[in-house]
Structure formats: C-alpha cells, structure tokens
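See below for the structure under consideration.
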Amino acid sequence: MHNQLQYISQGNTVEEQLYNIHKALDNGCDWIQMRFKKNYSDDTFTLAEAVKMLCKEYLATFIINDNVHLAKQLDADGVHLGLSDMSVEEARLILGKTKIIGGTANTFEDVLQRTAENCDYIGLGPFQFTTTKQNLSPILGLEGYRSIIGQMKAKNIQIPIYAIGGITLENIESLMKTGIHGIAVSGLITQTENVSQLINQLNDKLYVTI
Ligand SMILES: Cc1ncc(COP(=O)(O)OP(=O)(O)O)c(N)n1
Ligand SMILES: Cc1ncsc1CCOP(=O)(O)O
Ligand SMILES: [Mg+2]
C-alpha cells in the first residue's frame, strides 16, 4: 500500500525544484511527484534525471506529473495523470503493470471512471482554494469528500483516495475521518520553514486516524 503522504514539487527553475525536493526528502518525505509545469525542454529531462537519482539515494518513490514517455525513459516508479492528460489505458500499455498510475478525480463519476481504468490511486480534489494550480475544478470541501466516499462505500469501491488542494495541518484530522487514505501536498511543505517538524506532525495525524 502506498505511503499516506505525497509531496508534489514546485519551482520555476531546475534549481528551485531540486532545492524543494531535496528539502522534502531530507526531512522524511518518501514519495515525490515531480510537477514542473513548463513546456518540455532539456531542463525537464535534466531535472527528472536528478530527481530520479535523489529519490534512489533516499529510497523514495518517484512519480512524474503528466509525462508518461519521460517516466518510461527514466524508468520512474510511475506517473500522475489528470482527466485531460494521456489516458490511463495508454499509459498502462507504455509503462506496464507494475508502475504506479495515479489519476485525478473531482466527482463521483470521475472516481467510477478512474476505478474502471484501473488507476492505482486517485487524487481527489481540490479540497479548497489553492494558488498552486490554475483553472481549478470546483472546490469539494469536507462535504464533497464525505459525499463521494459515502457513495464509494455504498458501491464497495476500494481504491486509495488522496485529498489534494490547499491542505493545511489543521485540515488533516477531519479529512481522514471522511475515509481518505492520505494526502498530496505541495505548498504546505514547500513554504514551511521547519519541514522536519511539519512532516512529523503530518505523519502523526495521518497514521493515528487511519
Ligand atoms: C495526487 C494528485 N492529484 C491530482 C493532481 C492534479 O492533476 P491534473 O488534474 O492533471 O493537474 P496538474 O497537476 O497536471 O496541473 C495531481 N497532480 N496530483
Ligand atoms: C496539483 C493540484 N491539483 C489540484 S489542487 C493541486 C495543487 C495542490 O497543491 P497545494 O498543496 O499547494 O494546494
Ligand atoms: Mg496533469
């Protein structure tokens, strides 16, 4: 089963990205999603290669946002795909059965689609407003998670759900009570000074409530 905490990277340059990812790894994060929203260039490849090496050194899981071919080329542990990215079916053909394929969902219908597509986990959100991503889908709030996970239970749908979008330390207990498996965070880890303390606090709240 996947770790309950995924760090989604941030940074406008290769250097900023590497700084942030290194900080997350150094302080105990063991699952990194490299998210570098620039048109593909040599920089993307340079960054991905460096992140792959770092994750190997820290024994962390390394997945790549959007770019299935890059994940294949670098033998990354997997990818995260949105509803308008490459289809999970096509990604599965390229990456094979053993790689992690995460998929985004915003509604119960998306969850049904993602489950039928055989995603390994679902990033369900956004929980609340965030500046990390433009053109956000409708905000779910706690009620949204309760409703979607309630419908999943009624239909006995079992797939790990990760909450995403504007998550802070204060939200985790109530989010976990809705039945999510874990959280995917970007800004919180990137912007916090004392990341070691933060990750301990996050893990305490995540493990206790599962
Ligand atoms: C864990 C997780 N969940 C959701 C997303 C969002 O993916 P997507 O909708 O494709 O948006 P971008 O991140 O590509 O802008 C995610 N990245 N990770
Ligand atoms: C990639 C993504 N998809 C929905 S919200 C989001 C950003 C999550 O980042 P943060 O934790 O900084 O709100
Ligand atoms: Mg995407």
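Things worth noting here:
- For the stretch 15-109, the spread of Cα positions along each principal axis, largest first, Å: 37, 29, 24
- Sparsely packed loop sites in the stretch 29-60 (the trypsin sites (Lys or Arg not before Pro) outside DSSP H, G, I, E and B with at most 14 other Cβ atoms within 10 Å) comprise LYS37, LYS38.
- Length gained when the stretch ASP42-LYS177 is fully extended (0.36 nm per residue, less Cα-Cα span): 44.3 nm
- Our estimate of slack between THR13 and ASN203, defined as 0.36 nm per intervening residue step minus the Cα-Cα distance, is 65.5 nm.
- Helix-only arithmetic for the chain: the sum of -39500 (n - 2.57) across DSSP H runs with n ≥ 4, divided by the residue total, places the mean residue ellipticity at 222 nm at -13000 deg cm²/dmol.
- Of LYS37/LYS97; LYS72/LYS205; LYS52/LYS153; LYS37/LYS99; LYS56/LYS155, those spanning more than 32 Å from alpha-carbon to alpha-carbon: LYS72/LYS205; LYS52/LYS153; LYS56/LYS155
- Only the Cβ atoms of Lys and Arg (+1) and of Asp and Glu (-1) were treated as charged; on that basis the dipole of the stretch 22-163 about its Cα centre amounts to roughly 280 debye.
- Computed over the chain, the alpha-carbon pair-distance distribution with 5 angstrom bins reads 1, 7, 17, 20, 22, 18, 11, 4, 1, 0, each value a whole percent.
- Remark: the chain carries 50 Å² of accessible area per residue (probe radius 1.4 Å; ligands, DNA and RNA excluded).
- Farthest towards the positive end of the charge dipole of the stretch 71-210, among the residues SER196, VAL185, THR98, is the Cα of THR98, using unit charges on the Cβ of Lys, Arg, Asp and Glu.
The values are calculated or read from the model by the stated rules, or taken from the named source; none is laboratory data. As the structure is a computational prediction, the values presented were derived from the model and not from experiment. Virtual Cβ from ideal backbone geometry, glycine too; neighbours counted across all protein chains shown. Just so you know, the surface numbers come from the protein's heavy atoms only, side chains and all, with ligands and any DNA or RNA stripped out. Shrake-Rupley method; radii C 1.70, N 1.55, O 1.52, S 1.80 Å.
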